[in-house]
Amino acid sequence: GAEGEAPQPPGPAKPGSGRGQERTPSPAGSCVSAPPEPEFEEGPCGWGGCTPKALQLFNNPEGYLAAYSLLAVAQGVVVNGLVNISISTIEKRYELNSSLTGLISASYDISFCMLSLFVSFFGERGHKPRWLAFSAFMLGLGSLIFCLPHFGSGKYQYGDKLEDTCQTSETTSANVTCNASTKSSEQNYLYVFMLGQLLLGVGGTPLFTLGTAFIDDSVPKHKSSIYIGIGYAMSLLGPAIGYVVGGQLLNIYIDIHIPERQDTTHTKVDHDDPRWLGAWWIGFLVCFFSVWLLIIPFSMFPKHLPGTAKVQAEKISETHDNGSEALVQTKNIGKSLKDFPVALLILLRNPVFMSLIMASSSEALVATGFATFLPKFIENQFGKSSSFSATLGGLVLVPAAAIGQVISGFLVSKYKMDLKSIIKFMISTCSVALLLNTVFLFVECKNEPFAGVSETYNGTGTLQNLTAPCNAKCGCLRSMYYPVCGRDGVQYFSPCFAGCASYFVDNNLTKMYYNCSCIGKPKRESDSEDLQIDALPGKCSTQCRFLPFFLTTFFLAVIFTFMAVTPTTVAILRCVPDKQRSFALGVQLVFLRLLGTIPGPILFGVSIDNSCTLWDVDECETKGACWIYDNKRMAYLLLGMSAACKIITIIFVVLAVYFYKPPASNKVLTEQDAEMVSAVN
């Protein structure tokens, strides 16, 4: 119902209607009125009476944006970069299973959700830059706590190497026993990792609530979108830097110096050895010092940047007209803890705000799902290595997401879109992204032949059974997945399951396997120059040629998906009362966590597991990770998940347009809202 109403034309803000004006103080008598503090406490940059002239060069929105971007990058490096890339190493070093490391990852979201509402509520009227100084302190402290287990757990003992070839002796297979009942004392470090993640969650809470609202406070309305877009785009650099730097640090031995002790095979542990663990802790230690340096710039910013009062006076309110703006102003809601229920109820009763929240939560679900499983899709669909697939996934997701957020922020700013235009712009970007996501229909690649899964062992054995007469006496482990490609063009689970009894290492330090009893003759004599070599490490090369087309199309899909992120934030800041903007972002982030980023990887994981054709089974007959997937089924499941989320997003954005009513010239406290306040009080 607001089709016949138009937004107010630009002009001087009217008393009671302009954003940033709670009352109409007299020019000279504002300090004598009931509220003792001025509306906007602008001031110089510095610490107390120490305000060097050089620091005033940074006392502006650009200076704040630079500090905000550095903190956002640092948060992304630690939380979404170093933690994620270190999880597998932490699992091995401290003997934790995936459910326990999942608890470590969830600890960040738990503390974030618990504190987001309260931090954004109390920080709205507080000193926002000092809250970000607190954020930097907690992020640094969390990084320090997270790396402490390395210094308390002693030197890493890597033990003897397990052979990957066929060992026919009785003693070899007898050495591997089920030890599920044993519990290592190293597992107690789980609680230290959880504490570190909880502190990181405390530090991340003010950043994307109070930090973003402070940008909107300090710049004209038509410029805030480009500033927020740049800040959000910079936050995406963090995970990319974390993955690159963290990956390089994992090439350094965990204790820096590789011990001289050699195992029974007289080979020293190296990067390709499954016992190798990298120095995961170095990145956290560096971030501890680096992030604490950011406390300095945030502690010197004033409560409001110079010019904030003028900027706020010139803003025209676009708050959804349900009486909430007048209600917040009349009752001065947000000054004390007892106002919290009323403030929350006001937001939850705003249909435009709730529609935007549900839309952004649906987008967050699909975005985090793809961020988690896109490398797995590339690895299995196109036959690439896990490391190469992760690199390709990062090269697609991070730049495309950053470009999308900057472009949308620029367009909203350049064309000075009002709230309804912004929401309509979101409908168009989501619709294009939905169409581009159909790329999954056209890139399905058939699975390559796999012995014991889709192929028999030269006519022996059965499907869905890796063991056949040719490898029955080898004592092979299904928990050691080390694929090799036979000269017959068939892929094998490991050299052991291929029946390979011997190997040699060429000049490039690559293992060549021979005397493989399960591998048949080559399809063509020219397929193998040296017929002595039966298998090479790695997956067989795929005949699928859709990878460039997929990466290009999906890159565009990610751009259009993230073109809705900055406009969503700007729309939320505009559709709620001025004094509830930080709180609104806090509520949004809680919903994003609960409905998007937490269930996203879980739902995508469950869907992808439905396409599994071969599971990892350890010595205790416990089912673990999936080794082989049905490519066609995986592609269709991902398309179904992404399309469903996109359609839900579009529906809620359309509802936001339908419900939105531009504010009338004179706001009054409606009886309905007055009754709501009295009922809660």
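The values are calculated or read from the model by the stated rules, or taken from the named source; none is laboratory data. Here the structure is a predicted model, which is why all the values come from computation and not from measurement. Glycine also receives a Cβ, built like all others from the backbone with ideal geometry; neighbour counts cover every protein chain displayed. SASA here: full protein model, heavy atoms, side chains in, ligands and nucleic acids out. Shrake-Rupley method; radii C 1.70, N 1.55, O 1.52, S 1.80 Å.
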If I go through segment 415-424 residue by residue, how many of them are in contact (Cβ under 8 Å) with a residue 60 or more places away in the chain, assigned to a helix (DSSP H, G or I) and open to solvent by 30 Å² or more (accessible area, probe 1.4 Å)? 2
Across segment 375-398, which residue is farthest from the chain's Cα centre (by Cα) among those that are without any contact (Cβ under 8 Å) to a residue 60 or more places away in the chain and open to solvent by less than 60 Å² (accessible area, probe 1.4 Å)? Glu379
Here the residues within segment 478-524 that are more than 38 Å from the chain's Cα centre (by Cα), part of a loop (DSSP other than H, G, I, E, B) and either surrounded by fewer than 16 Cβ atoms within 10 Å (Cβ to Cβ) or of a type in the set (Val, Ile, Thr) (or both) are Asp506, Asn507, Ile519, Lys521, Pro522, Lys523, Arg524
Unique residue being modelled with pLDDT of 85 or more and touching an Asp or Glu at 6+ places or on another chain (Cβ under 6 Å) when the list is Ser218, Ser224: Ser224
Going through segment 426-464 in order, the residues found to be over 30 Å from Arg487 (Cβ atoms) and aromatic (Phe, Trp, Tyr) are Phe440, Phe442
Checking the structure you have, find out if any residue of segment 169-187 is open to solvent by less than 40 Å² (accessible area, probe 1.4 Å), modelled with pLDDT of 90 or more and either touching a helix residue (DSSP H, G or I) at 6+ places or on another chain (Cβ under 6 Å) or not charged (D, E, K, R) (or both). no
If I filter segment 560-582 for residues that are aliphatic (A, V, I, L, M) and open to solvent by 10 Å² or more (accessible area, probe 1.4 Å), do I get at least one hit? yes
When segment 202-232 is checked residue by residue, the ones that are closer than 16 Å to Leu585 by Cα and β-branched (Val, Ile, Thr) are Val202, Thr205, Thr209, Thr212, Ile215, Ile228
Among the residues of segment 96-144 satisfying the criterion of being among the charged types (D, E, K, R) and closer than 21 Å to Leu294 by Cα, which is least open to solvent (accessible area, probe 1.4 Å)? Lys128
Condition first: open to solvent by 10 Å² or more (accessible area, probe 1.4 Å) and either in contact with a Pro (Cβ under 9 Å, 6 or more places away or on another chain) or assigned by the TED database to the domain that holds Leu411 (or both). Can you find one or more residues in segment 232-241 that meet it? yes
Exactly one of Asn437, Asn447, Asn380, Asn465 is assigned to a helix (DSSP H, G or I) and under 21 Å from Trp615 (Cβ atoms), and that residue is Asn380
I'd like the full set of residues that are in contact (Cβ under 8 Å) with a residue 60 or more places away in the chain and surrounded by fewer than 16 Cβ atoms within 10 Å (Cβ to Cβ), limited to segment 433-448. Thr438, Leu441, Phe442, Lys446
Looking only at segment 64-91, which residues are free of Cβ contacts under 8 Å to residues at least 12 places away in the same chain and farther than 24 Å from Ile145 by Cα? Ala66
Qualifying residues in segment 338-374 (those that are over 25 Å from the mean Cα position of the chain (by Cα) and not aliphatic (A, V, I, L, M)) - the one surrounded by the most Cβ atoms within 10 Å (Cβ to Cβ): Asn350
